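So the structure is just underneath, and the comments pick up after that.
Bear in mind that the values in this text are calculations on the coordinates, not laboratory data. Computed from a prediction, not measured in an experiment: that's the story for all the values here. We place every Cβ from the backbone using ideal geometry, glycine too, and count neighbours over all the protein chains shown.
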Number of protein chains: 2
Amino acid sequence: MNLHHPDTSELELPAVLHALSDPQRLEIVRELAASAAPVTCGSITLGVAKSTMTHHYRVLREAGVIRQERRGTTKLTELRRDDLDARFPGLLDAVLSSSPVHA
Amino acid sequence: MNLHHPDTSELELPAVLHALSDPQRLEIVRELAASAAPVTCGSITLGVAKSTMTHHYRVLREAGVIRQERRGTTKLTELRRDDLDARFPGLLDAVLSSSPVHA
DNA sequence: AAAGAAGTTCTACGAACGTCGTACAATCGG
DNA sequence: CCGATTGTACGACGTTCGTAGAACTTCTTT
């Protein structure tokens, strides 16, 4: 099964905002942003089931927020920073600079 | 019935992003941003029913994106620019500067 | 008072969402 | 080859969402 990634020009703002509007996915994005290098799916542990994680990764990928690539049994995930910045300048920075777990 | 508006410190990023993740609501926000002065609900016409508009206004208000005030039979609506900028710097600008109806 | 205008509330309905468990596929290490 | 690891596919569940119509409230205007 090939992983579909939308082209930069195809990124839609409502879809991106929706992808980022879930606390779990927001946390995933924050962790991806924190580590410069691509990261395996399993290395981010929220309190949810594996299949739920798969679901969240797919939402993020189909919205164009992350890029994923199979690498053996694992899968490397990274933020599409440049693409997002090109298409929606300032958006990702604004989201990431907000207090992670706020008062 | 009193309209509840969350305090600036209570604004939550997921809620704001979710409020902005609907195309109709995004359009409302864009129109509010375009006109400096507060605007009556009915002056923004999308292709949806009145009750649907009421619903969208409520979602935006409860997320803290807009402020509403009764004024006779009409209701004035305005963007909470300052509050949003204070809580999530750059977010609203990034959202508004994206192509309104993209290719 | 009567009529109209502007929104709200209530209810309903189909669609989408977040979550999970189970079963499965693919790959790596011995 | 066998087992362990890593992640996916599928189906199910309860919840939330976006939408609408109809009845209602509130205020203005005549």
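Other residues whose C-beta falls under 13 angstrom from the C-beta of A:R67 contribute a net charge of +1, scoring Lys and Arg +1 and Asp and Glu -1.
Net charge of the neighbourhood of B:R58, taken over other residues with C-beta under 15 Å away and scored Lys/Arg +1, Asp/Glu -1, is +4.
Its Kirkwood hydrodynamic radius, worked out from the mean inverse distance over all distinct Cα pairs, puts the protein assembly as shown at 18.2 Å. Within 10 Å of the Cβ of each residue in B:9-16, the mean number of Cβ atoms contributed by other protein chains is 4.
Taking amide H positions as modeled 1.01 Å from N, with prolines and chain starts lacking one, the residues under 5 Å from A:I66 and 5 or more places away or on another chain are A:R61, A:R80. What is the sum of charges around A:L96, taking Lys and Arg as +1, Asp and Glu as -1, for the other residues whose C-beta is under 12 Å from the C-beta of A:L96? Net of charged neighbours comes to -2.
Using the eigenvalues of the Cα gyration tensor, what equivalent ellipsoid semi-axes result for chain A when each is taken as the square root of five times the eigenvalue, whole Å, largest first? Don't jump to the answer; show the numbers that get you there.
On the way: eigenvalues 76, 61, 32 Å².
They are 19, 18, 13 Å, listed largest first.
Give the residues of segment B:47-68 whose amide nitrogen is closer than 15 Å to a point set 7 Å from the Cα of B:R30 in the direction of its Cβ. What the label zone holds, given the 15 Å backbone N cut-off, is B:47. Applying the Karplus relation 6.51 cos²θ - 1.76 cosθ + 1.60 with θ = phi - 60° to segment A:53-62 yields 3J(HN,Hα) values of 4, 3, 4, 5, 4, 5, 4, 5, 5, 6 Hz, where x marks Gly and Pro.
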